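The structure under discussion appears below in the form of structure tokens.
The values are calculated or read from the model by the stated rules, or taken from the named source; none is laboratory data. This is a predicted model, so every value here is computed, not measured. As a convention, Cβ positions derive from the backbone with ideal geometry for all residues, glycine included, and neighbour counts pool all protein chains shown.
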Amino acid sequence: QNVINAFTQTARSERCAYYGNVTVGRDVTVAELRQAYHAVVLSYGAEDNRVLGIPGENLSGVYSAREFVGWYNGLPENRDLKPDLSCETALILGHGNVALDIARILLSPLSLLRKTDITDGSLAALACSKVKRVWLVGRRGPLQVAFTIKELREMINLPGARPVLNPADFTGLENAVKDVPRPRKRLTELMIKTALEKPGEKMLEAEAAAPREWGLKFQRSPQEVLPTTDGRRARGIRMALTRLEGSGDSAKAVPTGDVEELECGLVLSSIGYRSLPLDPAVPFDTQRGIVPNSSGRVEGVPGLYCSGWVKRGPTGVIITTMNDSFDTAQSVLEDLQVGALDVSTSREGFGAVESILRSRGVRPVSFSDWEKIDAAEVARGKAAGKPREKIVDPQEMLQLIGH
Ligand code: NAP
């Protein structure tokens with residue numbers, strides 16, 4: 001809600017103009033934007049995902065976390081995903097917050113989900129889901145997990161879902177954790193506590209009532225998604241067992257030579273997002289998936305800046321991205337002050353872009369247009385007791401604002 005408020009306040013400011021439904025790189029080029037403005041900031045995030053690069057990755061029943069999250073969050077491009085939730089065991093590859101988010105959605109009681117802004121379509125599919133067990137598999141150990149404590153605690157406390165952690169995975173970690181930074185220490189202690197907790201009577205009752213379970217598996221690196229006999233669907237996954245070389249964050253997972261197979265009908269690959277190049281005029285580091293920059297100044301292109309995941313890579317929570325934008329804004333201001341940004345001649349601004357868009361038949365959406373869509377979504381949700389019912393069809397959104 002805070003984010004929505006902050007964005008709305010900014011968008012309504014007289015010093016800010018919002019133009020939606022415009023695809024940069026297609027409807028208008030970065031070069032055209034640079035002609036129209038003194039400074040241009042690229043802040044377009046990461047709309048692709050990393051791939052595993054293993055056999056079977058394209059079998060049906062295997063989804064990227066990005067598309068799965070897009071599906072339950074009502075992203076138009078993922079509205080037709082129709083994930084097959086007819087199996088009992090799902091496996092999520094990766095130990096990040098996105099992996100935990102997906103596990104939570106798969107195992108949450110419907111009564112909880114109904115009160116969120118999850119789309120009606122996803123809710124209906126989850127209502128028929130047979131998934132009752134979710135494994136989150138990481139290639140390294142408990143000291144290298146990428147998720148954070150708040151998200152883990154939420155998962156541990158999820159009603160109707162029992163955490164299954166193997167105490168052996170945490171042997172000796174109480175000592176090892178003494179010298180690590182506090183957030184990592186607290187996170188590890190929570191995993192240890194959950195793994196070692198002796199179930200009291202109350203807990204046993206709760207466990208008996210918990211029809212679903214989830215767990216963390218460590219030091220397993222995905223090798224192949226195994227197909228059903230007809231070769232069409234995923235039926236399981238083969239993983240290489242690993243040992244850790246080095247310690248702490250930089251420890252590397254090295255295969256021991258042993259493998260393990262696990263049966264599962266649903267595989268979600270949650271190994272991180274990836275930014276895409278936008279326009280041939282903008283340099284792009286394909287290896288790191290970022291626009292090469294220093295403090296947000298795009299290398300070799302004066303007057304062009306970047307911020308967020310496209311600047312730093314797909315890591316960090318909202319506050320990280322926010323601080324990142326302050327850093328880029330500071331660079332723009334500094335360049336203005338020292339004269340690195342040439343503002344001696346005026347630029348037309350959106351007027352120039354508008355005529356380009358008109359000539360290409362592109363009609364931008366204004367912020368007040370968006371507020372109409374927003375109001376319609378909220379009204380639709382109200383009837384069902386939800387914060388909003390998202391409209392997932394862009395044509396329907398455009399109709400609603402009379403485009
Ligand atoms: P992430 O935090 O970078 O986690 C990616 C996971 O995938 C890591 O466990 C990583 O293991 C693993 N991985 C990467 N390549 C792999 C491979 N080839 N084989 C096996 N495992 C592999 O990414 P994310 O979960 O997509 O999250 C992105 C960012 O958004 C994070 O900063 C996250 O905190 C943030 N986020 C925050 C929230 C929230 O605040 N509630 C919610 C969602 C996302 P290694 O460490 O071994 O590479």
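Structure above, values below:
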{"read-out": "Which listed residue is among the hydrophobic types (A, V, I, L, M, F, W, C), surrounded by 12 or more Cβ atoms within 10 Å (Cβ to Cβ) and at pLDDT 95 or above, from Leu278, Leu262", "value": "Leu262"}
{"read-out": "Scan of region 132-182 for residues that are within 16 Å of the ligand (Cβ to nearest atom) and either part of a helix (DSSP H, G or I) or not assigned by the TED database to the domain that holds Asp249 (or both), ordered by number", "value": "Pro142, Leu143, Gln144, Ile149, Lys150, Glu151, Leu152, Arg153, Glu154, Met155, Ile156, Asp169"}
{"read-out": "Residue match in region 212-220 (condition: closer than 30 Å to Glu47 by Cα, among the aliphatic types (A, V, I, L, M) and either under 24 Å from the mean Cα position of the chain (by Cα) or at pLDDT below 95 (or both))", "value": "yes"}
{"read-out": "Residue that is nearest to the ligand (Cβ to nearest atom), among those in region 78-116 that are of a type in the set (D, E, K, R), touching a residue at least 40 places away in the same chain (Cβ under 8 Å) and surrounded by fewer than 20 Cβ atoms within 10 Å (Cβ to Cβ)", "value": "Arg104"}
{"read-out": "Test: residue in region 323-342 that is in a loop (DSSP other than H, G, I, E, B), of a type outside the set (S, T, N, Q), in contact (Cβ under 8 Å) with a residue 40 or more places away in the chain and within 27 Å of Asn49 (Cα to Cα)", "value": "no"}
{"read-out": "Flag for His38 being in contact (Cβ under 8 Å) with a residue 12 or more places away in the chain and away from the ligand (no atom under 15 Å from the Cβ)", "value": "yes"}
{"read-out": "Options Pro292, Pro314: the member that is under 30 Å from Phe68 (Cβ atoms) and of a type outside the set (Asp, Glu)", "value": "Pro314"}
{"read-out": "Options Leu268, Leu262, Leu244, Leu278: the member that is in a loop (DSSP other than H, G, I, E, B), touching a residue at least 12 places away in the same chain (Cβ under 8 Å) and not charged (D, E, K, R)", "value": "Leu278"}
{"read-out": "Top-ranked residue of region 317-338 - restricted to ones that are of a type in the set (Gly, Ala, Ser) and out of contact with any Phe, Trp or Tyr (no Cβ under 8 Å at 6 or more places or on another chain), ranked as nearest to the ligand (Cβ to nearest atom)", "value": "Ser325"}
{"read-out": "Among the residues listed as Asn21, Asn49, the single one being away from the ligand (no atom under 16 Å from the Cβ) and not β-branched (Val, Ile, Thr)", "value": "Asn21"}
{"read-out": "Residues located in region 52-77, provided they are within 16 Å of the ligand (Cβ to nearest atom), among the aliphatic types (A, V, I, L, M), more than 20 Å from Arg220 (Cα to Cα) and surrounded by fewer than 18 Cβ atoms within 10 Å (Cβ to Cβ)", "value": "Leu75"}
{"read-out": "Failed criterion for Ser368 (all others in (1) of a type outside the set (Phe, Trp, Tyr); (2) in contact (Cβ under 8 Å) with a residue 12 or more places away in the chain; (3) not assigned by the TED database to the domain that holds Ala36 hold)", "value": "(2)"}
{"read-out": "Criterion (surrounded by 15 or more Cβ atoms within 10 Å (Cβ to Cβ) and out of contact with any strand residue (DSSP E or B) (no Cβ under 6 Å at 6 or more places or on another chain)) met by exactly one of Glu377, Glu348", "value": "Glu377"}
{"read-out": "Yes/no for Arg238 being without any contact (Cβ under 8 Å) to a residue 60 or more places away in the chain, buried (at least 17 other Cβ atoms within 10 Å of the Cβ) and among the charged types (D, E, K, R)", "value": "yes"}
{"read-out": "One residue from Val338, Val317 being over 25 Å from Asp279 (Cβ atoms), under 15 Å from the mean Cα position of the chain (by Cα), not basic (Lys, Arg) and not assigned by the TED database to the domain that holds Val98", "value": "Val317"}
{"read-out": "Residues located in region 372-391, provided they are assigned to a loop (DSSP other than H, G, I, E, B) and either of a type in the set (S, T, N, Q) or more than 24 Å from the chain's Cα centre (by Cα) (or both)", "value": "Ala384, Gly385"}
{"read-out": "Residues satisfying the stated conditions in region 255-303, i.e. hydroxyl-bearing (Ser, Thr, Tyr) and closer than 22 Å to Pro314 by Cβ", "value": "Ser269, Ser270, Tyr273, Ser275, Thr286, Ser294, Ser295"}
